[in-house]
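Below: the structure, in structure tokens.
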Amino acid sequence: MKLFRIARFAPIGVVLCAAAATWFAPLATADVVDVTVVPGLGGGPTTPYGAGCTYLVVARTVSPVEAGVSIVDLNRASTLFPQELIWDIADPYYVTPVVLGHAFTLWTPTAPGEHSLMAYQTSAGGPVNSVTVNPGTQIGPGCVVEP
């Protein structure tokens, strides 16, 4: 009779152990699926992006909990905050943390032209978003972009 009582609860123990193992297992790195540059306030007749103005870059991942994401301007004619500040001062291997499936950074292009922003987690790369940047003037939170 005692053996029957123990056997009746064994499947519950197996399920609980499997759930705990899944919950505490290390996270698998997944890919960044999208990178978006949010235009912000202001803009111009041909493009909403102006050199010298700051924009929000959002990288979206497959899972809400991921390893960090690196966001770079392949043209290197820009400033990314806070990555570049942290790379210079404290940690050359800093990556932007993922919060609910998104990583955020502030991007300030320093020169007009075509800019290609890439977000990635591994050396295989990731999605690229190319935008055209014209000369711009930052006015408060907005930007006036020249044609």
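The values are calculated or read from the model by the stated rules, or taken from the named source; none is laboratory data. Just so it is clear, the model here is predicted, and its values are computed rather than measured. Ideal geometry is used to build each Cβ from the backbone, glycine not excepted, and the neighbour counts take in all protein chains shown. SASA here: full protein model, heavy atoms, side chains in, ligands and nucleic acids out. Shrake-Rupley method; radii C 1.70, N 1.55, O 1.52, S 1.80 Å.
Here are the numbers for the structure shown:
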{"item": "Sites residue 63 and residue 114 - FRET efficiency at Förster radius 41 Å, r taken between beta-carbons, to 0.05", "result": "0.85"}
{"item": "Relative contact order (%) - criterion: Cα under 8 Å, at least six apart; region: the range 75-114", "result": "53 percent"}
{"item": "Residue-normalised accessible area of the range 31-71, expressed per residue, 1.4 Å probe, Å²", "result": "42 Å²"}
{"item": "Cα gyration tensor shape of the range 46-147, rounded if a/c is under 1.5, else prolate or oblate by comparing a/b with b/c", "result": "prolate"}
{"item": "Between the range 109-147 and the range 28-93, the Cα center-to-center distance that results, in Å", "result": "9 Å"}
{"item": "Amide H contacts of residue 33 (H built 1.01 Å from N, under 5 Å, at least 5 apart or other chain)", "result": "60, 61, 62"}
{"item": "Whole-Hz couplings from phi, Karplus 6.51/-1.76/1.60, listed for the range 100-107; x for Gly and Pro", "result": "6, x, 9, 10, 10, 8, 9, 10"}
